[in-house]
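J.: Below is the structure I would like to discuss, written out as C-alpha cells.
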Amino acid sequence: MLVQSAMVAQAPRQFKSSFIRDILAVTQQPEVISFAGGLPDPALFPLQQLKHSTDTIQQQLGGVIYQYSATQGVPGLRDYITESLCDAEIDASQVLITTGSQQGLDLISRILLDGVLLDNNRCAVLEAPAYLGALQVFQANRAHILTIASGSQGPDLDALERYAKTSPVSFFYTVPDFHNPTGVCYSLAQRQRLIELAQQYGFWILEDAPYRGLRYSGETLPSLQSLAPEQVIQLGSFSKIVAPGLRVGWVSAPQEIIQTAINLKQATDLHTSNFDQHLILNFLQQGYLPKHLDRLKTSYAAKMNLMADTLETRLGKKIRFKRPEGGMFIWATLGCRVDTRQLFDRAIKQGVSFVPGSAFYENSLIDYSMRLNFTNSSEDDIVQGIDRLSRLIETC
Ligand code: PMP
C-alpha cells in the first residue's frame, strides 16, 4: 500500500514530539517498569575496560587527547572501522566519524535533500513504521516523505518501485538488520532486490546499521553496502555495542558524499570529541570488543527469550509477534482492536510502559502495535512488567 503525504500535517507532528516527551517523563518514574526507551543495559557497560583505556591514552598521548583534532576523525579509528567493522570494500578515506549516527543522519539528509552536492530530489522514502529520530531529521530538512508498508515479512518493495517510477526519489532510508521498531531483518533476496531497484532507478540507499553487531541467532547476511558500495551510504554507531553516552558513530560512503559531509560537519561542530574517539580506539586496540559483544549478546538473547516466553504463556493468541534474531525490540500487535495509545495511559497507572505503535508513523494516530524494549530491564522486571501488561490485555 502506498501512503503519500506531501502535505505534512502539523498537528500529528506536534502531537508526536510532545507525546514522546510525555512517554519519557512518565516512564522515568521509579515505580514504572519501562519497556519504552531504546536503551542498552547500563549494568553491562564495560566500565573497567573503559577505565583502563582512559588511563592508557592519558599516559601514552598526554594532552593530545584534549586538543582539537581533524574533522574527519582519528585515522586509527577509521582504519579499524574499515578493517574490522564493515563488510564492504571501502577505504578509511571513505569514513567520517560523527557525533553518534544521529549526526550522520542529519548530515546525509542535508546533502541528499538540499542539493548541496547533487540535484535536489526532495523525496525520501521510508518504511512505515520507521525510526522516529530519522523521521524527525528528514522532516526538519524539509523532505517530501513517502512511506511504504513494512510488516513482519519486511518492506513492500513493489511499492518502492512504484514510487521510483513516478517520483523524484532521492533516497530510501532503512534499518535492514533488526529494524527499529519492528525487529525485522531483511532476507538476502530482499537485500538484492532493493539494490537492483536503487541501481535501476538511480536513488541512494541510506543503510542505518546500529544493531547489526547484535545478532542472537541465524546467519549474518551481507550488508547492503557490501552489495553495492557505490549506491549505499551506511551509518554505524558505537552506541549499542559500547556506550551511547560517548556519542561516537560514523558514516561510510562514496568519496563525493564523504567529502561534502566533512565540509558540512566542519561547519556544524568541527569534530567529534577527540577524547571519546581515542577512548574507543584504545578499547578496540586492547581487543576488548569481541568478548564484550559476546557478553551483550548472551544477556540480551536471554532477556528477549524471557520476554517472548512470558508474553506467549500469559497471552497466547491475544498478542502476535515474531521473535527477533537480534537488536533491542519486540514489536507486538494486539489481537483485540484496542489502540495502544489508549492502552498506554492505562498501563502507566499499572506501573508498566512501552511505546505505542502510532509514535512510529508520520501521521497515523491509531495503531494496535507496541514496541517493547527488552535490553534495559532486569529479568525480574521483565517478568513482572509483562505480567502487569498481560493483566490489562487479558481484559481487552
Ligand atoms: N538509528 C537508529 C535506528 C536508532 O535506533 C538510533 C538510536 N536509538 C540511532 C540511529 C541514533 O543512535 P546514535 O546517535 O546513538 O548512534
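J.: How much net charge surrounds GLN49 when only the other residues with a Cβ under 13 Å from the Cβ of GLN49 are counted, with Lys and Arg +1 and Asp and Glu -1?
T.: Details: positive: LYS51, LYS291, ARG295; negative: ASP55.
Residues near GLN49 contribute +2 overall.
J.: Leaving out ligands, DNA and RNA but keeping every protein chain, what accessible area does HIS52 have, in Å² rounded to the nearest 10, with a 1.4 Å probe?
T.: Roll a 1.4 Å probe over it and HIS52 shows about 90 Å².
J.: In whole angstrom, note down how far apart the Cα centers of region 338-396 and region 169-245 are.
T.: With region 338-396 and region 169-245 each reduced to a Cα centre, they are spaced 27 Å.
J.: For every helix of n ≥ 4 consecutive DSSP H residues, a contribution of -39,500 (n - 2.57) applies; sum these over the chain, divide by its total residues, and give [θ] at 222 nm rounded to the nearest 500 deg cm²/dmol. Each step should come with its number before you reach the end.
T.: Details: 13 runs with 171 residues, N = 396.
So the helix-based figure for the chain works out to -13500 deg cm²/dmol.
J.: Continuing with this model, one more query. When the gyration tensor of the chain is built from Cα positions, what are the square roots of 5 times its three eigenvalues, in whole Å, from largest to smallest?
T.: Details: eigenvalues 211, 153, 71 Å².
The answer is 32, 28, 19 Å, longest axis first.
J.: For Cα pairs less than 8 Å apart in space and 6+ apart in sequence, what is the mean separation divided by the residue count of region 270-361, i.e. the relative contact order in percent?
T.: Details: 41 pairs, mean separation 13.7, N = 92.
Result for region 270-361 is 15 percent.
J.: Regarding region 57-165, what is the average projected area of its C-alpha convex hull, in nm²? Could the numbers behind the result be given before it?
T.: Numbers: hull surface 39.5 nm².
It is 9.9 nm².
J.: How big is the antiparallel share of DSSP beta bridges in the chain, given as a percent to the nearest 5? Write down the numbers at each step before the final one.
T.: On the way: 23 of 42 bridges.
Of those bridges, close to 55 percent are antiparallel.
J.: Sort by residue number and name the cysteines in the chain that have no neighbouring cysteine Cβ under 4.7 Å.
T.: CYS86, CYS123, CYS185
J.: Please list, ordered by chain and number, the residues whose modelled amide H lies under 5 Å from the amide H of ILE319; skip anything fewer than 5 residues away on the same chain.
T.: Close amide H contacts, sequence-distant or interchain: GLY335.
J.: Follow-up. Normalised by the number of residues in region 141-290, what is the relative contact order in percent for Cα pairs under 8 Å and 6+ residues apart? Intermediate results must be reported in sequence, preceding the final value.
T.: Values: 159 pairs, mean separation 23.2, N = 150.
It rounds to 15 percent for region 141-290.
J.: While we're looking at this one, here's another question. Which whole-number percent is the relative contact order of the chain (Cα, under 8 Å, 6+ apart)? Walk me through the numbers before you get to the answer.
T.: Details: 719 pairs, mean separation 97.2, N = 396.
The value is 25 percent.
J.: Assuming R0 = 22 Å, what is the FRET efficiency of ARG391 and GLN153, from their Cβ-Cβ distance, to the nearest 0.05? Walk me through the intermediate numbers first.
T.: Details: r = 31 Å, r/R0 = 1.41.
Calculated transfer efficiency: 0.10.
J.: Sort VAL383, VAL232 by accessible area with a 1.4 Å probe, largest first. It would help to have the intermediate numbers written out before the result.
T.: Values: VAL383 65, VAL232 0 Å².
Ranked from most to least accessible, the order is VAL383, VAL232.
J.: Bins of 10 Å, beginning at zero and ending with the bin holding the largest distance: percent of Cα pairs per bin for region 336-396, please.
T.: Histogramming region 336-396 at 10 Å steps yields 23, 53, 23, 2 percent.
J.: Now for a different question. Could you name the lysines in cross-link range of LYS297, using Cα to Cα under 19 Å and dropping any fewer than eight places away on the same chain?
T.: Once the sequence-local lysines are set aside, what remains near LYS297 is LYS240, LYS322.
J.: On a 1.4 Å probe surface of the protein chains, which of ILE20, ILE57 comes out largest in accessible area, and what is the full order? The partial results should precede the final answer.
T.: Details: ILE20 40, ILE57 5 Å².
So the residues, ranked largest to smallest area, are ILE20, ILE57.
J.: Please give the solvent-accessible surface of GLU362 in Å², to the nearest 10, using a probe radius of 1.4 Å with every protein chain present.
T.: Only protein atoms counted, so the area is about 20 Å².
J.: Near LYS349, which aspartates and glutamates are there with a Cα under 17 Å away, not counting those fewer than 8 places off in the same chain?
T.: ASP22, GLU31, ASP339, ASP381, ASP387, GLU394
J.: Same structure, new question: For region 179-320, give the magnitude of the charge dipole about the Cα centre (Cβ charges: +1 Lys/Arg, -1 Asp/Glu; no others), in debye to the nearest 20. Show your work: numbers first, answer last.
T.: On the way: 15 positive and 11 negative charges, 150 e Å.
Dipole magnitude for region 179-320 comes out near 720 debye.
J.: Oh, and also: Just to make sure I understand: if all protein chains stay in place, what is the order of SER167, SER358 by accessible area at 1.4 Å, largest first?
T.: Numbers: SER167 25, SER358 0 Å².
So, going from the largest accessible area down, we get SER167, SER358.
J.: Given a 1.4 Å probe and the protein chains all in place, what does the accessible area of PHE275 round to, in Å² to the nearest 10?
T.: Here the residue's solvent-accessible area equals roughly 50 Å².
J.: For labels at ARG323 and GLN139 in the simple 7 Å Cα→Cβ model, what's the distance in nm?
T.: 3.6
J.: Write down the accessible area per residue of the chain in Å², having rolled a 1.4 Å probe over the full set of protein chains. Could you put the intermediate results ahead of the total?
T.: Numbers: 16170 Å² over 396 residues.
Per residue, the chain has 41 Å² of solvent-accessible surface.
The values are calculated or read from the model by the stated rules, or taken from the named source; none is laboratory data. The structure displayed is predicted, hence computed values, not measured ones. Glycine gets a Cβ as well: all are built from the backbone with ideal geometry, and neighbour counts include every protein chain shown. In case anyone asks, the SASA skips ligands and DNA or RNA and just uses the protein heavy atoms, side chains included. Shrake-Rupley method; radii C 1.70, N 1.55, O 1.52, S 1.80 Å.
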